[in-house]
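A.B. asks: The structure follows.
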Amino acid sequence: AKDQGKSTYCLFTQEMNNDMIEKTLLEMDLRQAISRNEMELHYQPQYDMKTGRMTGVEALARWNHSKKGLISPGQFIPIAEESGIILPIGLWILETACKQAKQWQEQGFPNIRMSVNVSIRQFKQPAFINNVLKVLQKTGLDPCYLNIEITESMTTDVDYSQKILQQLHNEGIHVSIDDFGTGYSSLSYLSKFPITHLKIDQVFLQDLSSSNTAIIKTIIDLAKNLSIDVIAEGVETDEQALFLSTLRCDEVQGFLYSRPLPKHEIEKLLQTVPV
Ligand code: C2E
Ligand code: CA
Ligand code: CA
Ligand code: CA
């Protein structure tokens, strides 16, 4: 029994070491991902529930590793966060997304909003606002077409967040609170922050139990009272869509309408959908 315990222990630490080695290797590759052209953005359309109009897209990062193939952002974003590589990658994401939005406008497609996820390290970076403004200047995108997605958990420092969000607002940049309802933060900040959209987290939609439907109703009511638009994400079924439309949810995003798509697929869509 003693031996067994010991070997289990050894195996466990061996596994931990392998995990750490794996992570370190991935981190090294991640540093090169942009210069090696392995990073790409896909775009997931968002639609107005009432009119069916395509209102915007959310940029979602994709890493095509030379040997491992596609690595999901759920895997590499946390590593990028922890190591700080998120700062150059995040800036690249922001610039690529803004450049793309501007390009679509110049190609004559109807104007749509470009939503970009920003991580906490970027948001807390002293140069954050400056970086955003520089990207807008460089790409020539009108600030009103940029939407920055932040999560509730980034806003625990209310004074700091209020200051940054106010600056973005003053520049005409839109801000969404992503994954709303999962951050356990106080609701009182909502009235203090100049935000334009709340995104209801998809966990509430996945199972339309009575408690989840109550939560979704409450979020939509709250947002309406504060004149904030609501986007439901992760919409996969007609049942979910019907439920959201009876509650007058403003916008939807999810596999029911479209998966995140590479740029040329979005261009095809923009030619066919009412905008
Ligand atoms: P998120 O910001 O909440 O993005 C929504 C995620 O839900 C995306 O996963 C999207 O592909 C997925 N999704 C969309 N519709 C549906 C649906 O109908 N059903 C289901 N089951 N899923 C749906 P993805 O692209 O794997 O991204 C995962 C997370 O990684 C994102 O969650 C975000 O937190 C992070 N992420 C992705 N791209 C970026 C980025 O450019 N920058 C930063 N900082 N984070 C990013
Ligand atoms: Ca998001
Ligand atoms: Ca989300
Ligand atoms: Ca999420």
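The values are calculated or read from the model by the stated rules, or taken from the named source; none is laboratory data. Just so it is clear, the structure is predicted and the values come from calculations on it, not from any experiment. Virtual Cβ from ideal backbone geometry, glycine too; neighbours counted across all protein chains shown. Remember, those area values only see protein heavy atoms, side chains included, never the ligands or the DNA or RNA. Shrake-Rupley method; radii C 1.70, N 1.55, O 1.52, S 1.80 Å.
A.B. asks: Would you confirm whether any residue within region 69-76 is of a type in the set (Val, Ile, Thr) and under 24 Å from residue 127 (Cβ atoms)?
C.D. replies: no
A.B. asks: Can you pull out the residues in region 135-162 that are more than 15 Å from residue 114 (Cβ to Cβ), more than 16 Å from ligand 4 (Cβ to nearest atom) and not in a helix (DSSP H, G or I)?
C.D. replies: 156, 157
A.B. asks: From the set of residues in region 168-178 that are surrounded by fewer than 18 Cβ atoms within 10 Å (Cβ to Cβ) and under 20 Å from the mean Cα position of the chain (by Cα), which is farthest from ligand 4 (Cβ to nearest atom)?
C.D. replies: 172
A.B. asks: Could you list all residues from region 51-64 that are without any contact (Cβ under 8 Å) to a residue 60 or more places away in the chain, more than 16 Å from ligand 2 (Cβ to nearest atom) and either of a type outside the set (Phe, Trp, Tyr) or surrounded by fewer than 23 Cβ atoms within 10 Å (Cβ to Cβ) (or both)?
C.D. replies: 64, the sole residue that qualifies.
A.B. asks: OK, next. Tell me the residue from 151, 213 that is under 26 Å from residue 54 (Cα atoms) and more than 16 Å from ligand 2 (Cβ to nearest atom), please.
C.D. replies: 213
A.B. asks: Please identify the pairs in which a residue from region 225-241 that is in contact (Cβ under 8 Å) with a residue 24 or more places away in the chain has its Cβ atom under 7 Å from the Cβ atom of a residue that is within 14 Å of ligand 4 (Cβ to nearest atom) and of a type in the set (D, E, K, R), counting only partners at least 6 apart or on another chain.
C.D. replies: Cβ pairs passing all conditions: 231/199; 233/199.
A.B. asks: Something else: Mind listing whichever residues of region 231-250 are closer than 22 Å to residue 193 by Cα, within 13 Å of ligand 3 (Cβ to nearest atom) and open to solvent by less than 10 Å² (accessible area, probe 1.4 Å)?
C.D. replies: Residues of region 231-250 that are closer than 22 Å to residue 193 by Cα, as a first pass: 231-233, 249-250.
Retained after the next criterion (residues that are within 13 Å of ligand 3 (Cβ to nearest atom)): 231-233.
Of everything in region 231-250, those that are closer than 22 Å to residue 193 by Cα, within 13 Å of ligand 3 (Cβ to nearest atom) and open to solvent by less than 10 Å² (accessible area, probe 1.4 Å) turn out to be 231, 232.
A.B. asks: Let me ask something else about it. Applying the selection to region 186-215, what residues are among the polar types (S, T, N, Q) and either within 15 Å of ligand 3 (Cβ to nearest atom) or more than 24 Å from residue 148 (Cα to Cα) (or both)?
C.D. replies: Residues of region 186-215 among the polar types (S, T, N, Q): 186, 188, 191, 196, 202, 206, 209-213.
Those that are among the polar types (S, T, N, Q) and either within 15 Å of ligand 3 (Cβ to nearest atom) or more than 24 Å from residue 148 (Cα to Cα) (or both): 202, 206, 209, 210, 211, 212, 213.
A.B. asks: Continuing with the same structure: Could you say whether any residue in region 136-152 is under 18 Å from the mean Cα position of the chain (by Cα), closer than 19 Å to residue 260 by Cβ and of a type in the set (Asp, Glu)?
C.D. replies: Checked against the condition, which is being under 18 Å from the mean Cα position of the chain (by Cα), closer than 19 Å to residue 260 by Cβ and of a type in the set (Asp, Glu), region 136-152 yields at least one hit.
A.B. asks: Checking the structure you have, find out if any residue of region 68-80 is open to solvent by 10 Å² or more (accessible area, probe 1.4 Å), among the charged types (D, E, K, R) and away from ligand 2 (no atom under 16 Å from the Cβ).
C.D. replies: Yes, that holds for at least one residue.
A.B. asks: Could you check residue 67 against (1) touching a residue at least 12 places away in the same chain (Cβ under 8 Å); (2) farther than 30 Å from residue 220 by Cα and say which number it fails?
C.D. replies: (1)
A.B. asks: Still on this structure: Can you name the residue in region 182-230 that is within 16 Å of ligand 4 (Cβ to nearest atom) and among the hydroxyl-bearing types (Ser, Thr, Tyr) and is also least open to solvent (accessible area, probe 1.4 Å) among such residues?
C.D. replies: 185
A.B. asks: Tally up the residues in region 98-117 that are surrounded by fewer than 21 Cβ atoms within 10 Å (Cβ to Cβ) and either within 16 Å of ligand 1 (Cβ to nearest atom) or within 16 Å of the chain's Cα centre (by Cα) (or both), please.
C.D. replies: Within region 98-117, residues that are surrounded by fewer than 21 Cβ atoms within 10 Å (Cβ to Cβ) and either within 16 Å of ligand 1 (Cβ to nearest atom) or within 16 Å of the chain's Cα centre (by Cα) (or both) number 3.
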